[in-house]
Each structure stands twice: as structure tokens, then as C-alpha cells.
Amino acid sequence: MKKNLFLIFIVLLLSVSCSSTKKIISTSDYSPIALISVTGNQTLPWYKEVDEKNFSETDGTGVLSTLVNKLIDANNPEYLSYQDRLDYSEESFHHILSDLGAGSVVDKNVLLESTVYSKISEGLLKDFNSDLASTGLKKLDGIGGKNARLLMEEVGAKSIIIADFKFTKKLLKGHKRTGMLAAHGEMSIKFYDSRGKQLTTEDYMSTSLIQLPIEKGEYDKNALVDSFPEVIDNLIGQFAMAHMTE
């Protein structure tokens with residue numbers, strides 16, 4: 001998959017990111033990186049300005065509503081494309097970090113063939129969280145120090161990343177009957193060093209430059225779905241550039 005680096009840089013200059021730490025960590029110093037989990041929501045709820053971090057069942061991301069949405073949204077491209085968004089997110093990590101000179105990511109096949117990785121439990125997250133993982137990867141929200149060290153030794157990594165995405169549609173102007181919307185995403189990163197110590201937790205956000213009209217409550221769902229690769233590339237690009245040495 002070829003990346004348009006010029007577009008990534010332009011979007012990064014126009015985007016807004018937020019990080020929970022100001023400590024600068026060069027990912028190239030911790031390369032190769034083992035990307036062990038990429039998770040995200042299935043449906044595309046509306047972005048909430050006031051309480052954007054809390055996704056409840058009314059947002060379409062709870063366990064109960066997920067079952068309902070499978071029936072209601074059987075032909076909705078917003079729902080049908082959730083696995084594509086997650087798989088694209090995983091692939092983008094590999095390409096963007098390498099293309100921007102921010103380090104390399106351990107080959108996925110090497111990770112999946114790891115004995116240590118195969119034995120890591122997803123725990124309660126698997127059953128009580130409606131988020132899904134990219135194809136083949138486990139749904140994890142953390143990793144113990146011992147497992148981290150053993151895994152990195154086996155796959156030849158110097159660090160570990162766990163990434164979680166929240167994909168939404170954001171109302172830019174007007175209202176949900178008549179207005180403008182865009183694809184929006186948030187990414188949370190947990191970054192571990194070679195000792196299995198969590199170095200940092202960081203949050204990034206991005207809104208697509210492509211704006212879509214809403215008329216009588218309807219909008220082009222396929223066009224919205226097609227806007228998410230730009231958002232994903234921007235999120236990962238922000239992370240990469242925040243951890244690049246000069």
C-alpha cells in the first residue's frame with residue numbers, strides 16, 4: 001500500500017493533536033516495534049463535543065446495541081466497513097512509521113507465529129467490550145511486564161504498541177437534518193519499552209478535510225466511509241512525527 005507522504009504532511013499541519021505527556025520519546029530508538037493490538041468500534045456514532053470519551057450503549061457502541069445494529073445495519077456501509085477500518089489502521093502503522101523514518105514495525109507473520117503471543121489472554125475485554133481488533137490480532141488493553149519482555153525477546157522487538165481507535169461522524173455545521181458532517185477519529189496509544197514498562201499513554205484526534213452535506217437527514221454513507229483512510233493516516237502520522245528525532 002503506497003502512502004502519499006505529501007498529503008500526510010499537509011494534513012498534519014492543519015490538524016490538532018493532544019498528548020497526555022510532554023516527554024519526547026524517539027520511536028526510532030525503540031525500533032523494531034511490536035504492534036500487538038489494534039482495536040476500534042464497529043458502528044459510527046455521532047461525535048459528542050461535551051463527552052466524547054464516553055461511548056455508551058446509546059452511542060451504538062455498547063454490547064446490547066451492537067447486537068441490534070447487526071440486524072438494523074445489515075446493509076449499512078458504515079457498519080459493513082468496520083473491519084476494513086481496523087485492518088487499514090494496522091497496515092498504516094507499518095507503512096507510515098517506516099516511510100517517515102520513525103522506526104519499523106515487526107512483521108505481522110512473525111508476531112502471529114510467536115508462542116508467547118498465542119498464549120496472551122484477552123481477558124474480560126474480549127467478552128464485555130464490543131470493540132473489535134484488526135484481523136489476526138488480539139483485543140488487548142495492556143500487557144504485563146513479564147509477557148512483554150518474553151514477547152519482545154521472541155520476535156526481536158525493542159518496544160510494544162497497543163492502539164485503540166474511536167471512529168465517529170462529526171457534525172460541522174447545522175444539525176442532523178440539514179448541515180455538514182465529516183469523518184472523525186481518535187487514537188489512544190500505549191507505548192512500552194524493552195523492560196515491559198509503559199513509557200507513555202497518548203491521545204490524538206483528527207477530522208477529515210472532506211465535508212459532506214446532510215439533506216433531510218440523509219448523507220452519502222459511502223463517501224463518509226471513504227474519508228476514514230485520510231483520518232487514520234493523519235492520526236498515525238501525528239504519533240510518528242511527535243516521536244521523530246531531528
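The values are calculated or read from the model by the stated rules, or taken from the named source; none is laboratory data. In this text the structure is predicted, and so the values were computed from the model without any measurement. All Cβ positions, even for glycine, are placed from backbone atoms using ideal geometry, and neighbour counts span all protein chains on display. These accessible areas exclude ligands, DNA and RNA; they are computed on the full protein's heavy atoms, side chains included. Shrake-Rupley method; radii C 1.70, N 1.55, O 1.52, S 1.80 Å.
Annotations for the structure displayed:
- Every residue from segment 64-81 that is surrounded by fewer than 19 Cβ atoms within 10 Å (Cβ to Cβ), at pLDDT 90 or above and either touching a strand residue (DSSP E or B) at 6+ places or on another chain (Cβ under 9 Å) or not hydrophobic (A, V, I, L, M, F, W, C) (or both): 76, 77
- Residue 164 vs. criteria among the acidic types (Asp, Glu), in contact with a Lys or Arg (Cβ under 9 Å, 6 or more places away or on another chain) and more than 18 Å from residue 32 (Cβ to Cβ): yes
- Residues located in segment 147-163, provided they are over 17 Å from residue 93 (Cα atoms) and under 21 Å from the mean Cα position of the chain (by Cα): 148
- Restricting the search to helices (runs of 4 or more DSSP H) fully inside segment 129-246 and requiring at least 3 residues that are under 23 Å from residue 81 (Cβ atoms) and open to solvent by 50 Å² or more (accessible area, probe 1.4 Å) gives 221-226.
- Residue 131 being at pLDDT below 95 and among the acidic types (Asp, Glu): yes
- Residues satisfying the stated conditions in segment 89-119, i.e. outside any helix (DSSP H, G or I), of a type outside the set (A, V, I, L, M) and open to solvent by 20 Å² or more (accessible area, probe 1.4 Å): 101, 104, 107, 113
- Filtered residues of segment 12-53 (kept if crowded, with 17+ Cβ neighbours inside 10 Å, at pLDDT below 50 and aliphatic (A, V, I, L, M)): 12
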